[in-house]
Amino acid sequence: MAWRFALMIDPVASGDDRADYLDTFTELDPAAPALTVGELSTQRGDGIFESIGVVDGHPQEVSAHLERLAHSAQLCDLPEPNIAQWRAAVALAAERCGAGEAVIKLILSRGVEHGPAPTAWVTAAEASDFSRARTEGIRAVTLDRGYSLATPAHAPWLLLGAKTLSYAVNMAALREAKRRGADDAIFTTSDGFVLEAPTASLILRRGSTFITPAPNAGILHGTTQLSLFEHLVSRGFTVGYETIPAETLPAADAAWLVSSVRLAAPLVAIDDAPLAVDASFTASLNDYLLSPRD
Ligand code: PLP
């Protein structure tokens, strides 16, 4: 990964509004060590993050990402982020991204063990190349996430709606999908309902209606899915959130995994059931996702 920028943030309280936040930022050499060994993000994955897509220097959907960062912080009992401070850090990072596609990551960790404050930083790096996934499509297998549809409501300590740094399970699911000959996974509940992919939301097409699993705390509410739904409505399509039984997946007319950096990757098969790919329609979705979006 080609790193372009790293910035440590001294987080100020939400509501501590300033003319600028420059004295709370420290730019670092992105290739140099920066964290102390007592960091709880590295010891326990105890923190939250966001990945923002950047196209030709424009950071996409910054407000939606900052809102989700604040939501994750609340679920994890982390201090409420100062949105203006994070927005200023994103703007600095975006200035270093240059032409092409990049990714800005925002990280808010619980901090150093026994330390007084959270640790926060922002990085910018070149994005991975998803052009093949966007045009040729990907294969997915369904994998049991190990909890039922009712679990998030009665076990909030599982932090299922938060974008935490604890992605080891998500990465293990991706490796399992690859062992099964697929490119990606779609998590299902133990009682057979569709959730999301380890790093993406799922959108299904039925005729002129597009649906996605309801984000009832069991999954992340994807910023890309939200943005695409707005776009689809502006093109006259119907969109909706549903509780989707996994057994209905093969009946979809088309399906995509969508996320901030990959954008829309059409699914060519789910569990060996082939799905049709409308290449020009998918290209129109990715054209929209590559246009500047706020
Ligand atoms: N679900 C999970 C588990 C994710 O990790 C991601 C993105 O990384 C998404 C959904 C899609 O979110 P977004 O569209 O905001 O990138």
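Of the residues making up the stretch 1-13, those that are farther than 14 Å from Ala120 by Cα and either at pLDDT 95 or above or of a type in the set (A, V, I, L, M) (or both) number 3.
Candidates Ala133, Ala117: the one that is within 22 Å of Thr223 (Cα to Cα) and either out of contact with any Asp or Glu (no Cβ under 6 Å at 6 or more places or on another chain) or of a type in the set (Ser, Thr, Tyr) (or both) is Ala133. Can Asp46 be described as away from the ligand (no atom under 13 Å from the Cβ), more than 24 Å from the chain's Cα centre (by Cα) and acidic (Asp, Glu)? No; evaluated as a whole, the condition is false for this residue. When Leu149 is tested against (1) more than 15 Å from the ligand (Cβ to nearest atom); (2) of a type in the set (A, V, I, L, M, F, W, C); (3) more than 27 Å from Ile270 (Cβ to Cβ), exactly one condition is not met: (3).
Restricting Asp56, Asp77, Asp46 to those that are within 24 Å of Ser291 (Cβ to Cβ) and surrounded by fewer than 20 Cβ atoms within 10 Å (Cβ to Cβ) reduces the list to Asp56.
If you check Ser227, Ser208 for being within 15 Å of the ligand (Cβ to nearest atom) and open to solvent by less than 70 Å² (accessible area, probe 1.4 Å), only one passes: Ser227. Counting the residues of the stretch 152-173 that are over 21 Å from Leu40 (Cβ atoms) and away from the ligand (no atom under 11 Å from the Cβ) gives 5.
Residues of the stretch 110-146 that are farther than 25 Å from Ala269 by Cα, open to solvent by 70 Å² or more (accessible area, probe 1.4 Å) and under 17 Å from the mean Cα position of the chain (by Cα): Glu126 alone. Among the residues making up the stretch 259-281, those that are away from the ligand (no atom under 15 Å from the Cβ) and on the phi > 0 side of the Ramachandran plot are Asp271, Asp272.
Evaluate the following for Gly98: is it surrounded by fewer than 18 Cβ atoms within 10 Å (Cβ to Cβ) and in contact (Cβ under 8 Å) with a residue 60 or more places away in the chain? When the stated conditions are applied, Gly98 passes them.
Screening Ala6, Ala31, Ala19 for residues that are farther than 15 Å from Leu165 by Cα, surrounded by fewer than 19 Cβ atoms within 10 Å (Cβ to Cβ) and in contact (Cβ under 8 Å) with a residue 24 or more places away in the chain leaves exactly one candidate, Ala31. State yes or no: is Leu232 crowded, with 19+ Cβ neighbours inside 10 Å and over 21 Å from the mean Cα position of the chain (by Cα)? Against the criterion (crowded, with 19+ Cβ neighbours inside 10 Å and over 21 Å from the mean Cα position of the chain (by Cα)), Leu232 does not qualify. Count of the stretch 239-258 residues, restricted to those that are over 21 Å from Asn286 (Cβ atoms), open to solvent by 70 Å² or more (accessible area, probe 1.4 Å) and more than 15 Å from the ligand (Cβ to nearest atom), is 4. Candidates in the stretch 259-294 are the residues that are open to solvent by 30 Å² or more (accessible area, probe 1.4 Å), of a type outside the set (Val, Ile, Thr) and more than 22 Å from the chain's Cα centre (by Cα); of these, the one that is nearest to Ala140 (Cα to Cα) is Asp271.
May I ask you to say which residue of Gly218, Gly181, Gly161, Gly222 is open to solvent by 20 Å² or more (accessible area, probe 1.4 Å) and of a type outside the set (S, T, N, Q)? Just one listed residue meets the conditions, Gly181.
The values are calculated or read from the model by the stated rules, or taken from the named source; none is laboratory data. As the structure is a computational prediction, the values presented were derived from the model and not from experiment. Cβ sites come from the backbone with ideal geometry, for glycine too, and all protein chains shown count toward neighbours. In case anyone asks, the SASA skips ligands and DNA or RNA and just uses the protein heavy atoms, side chains included. Shrake-Rupley method; radii C 1.70, N 1.55, O 1.52, S 1.80 Å.
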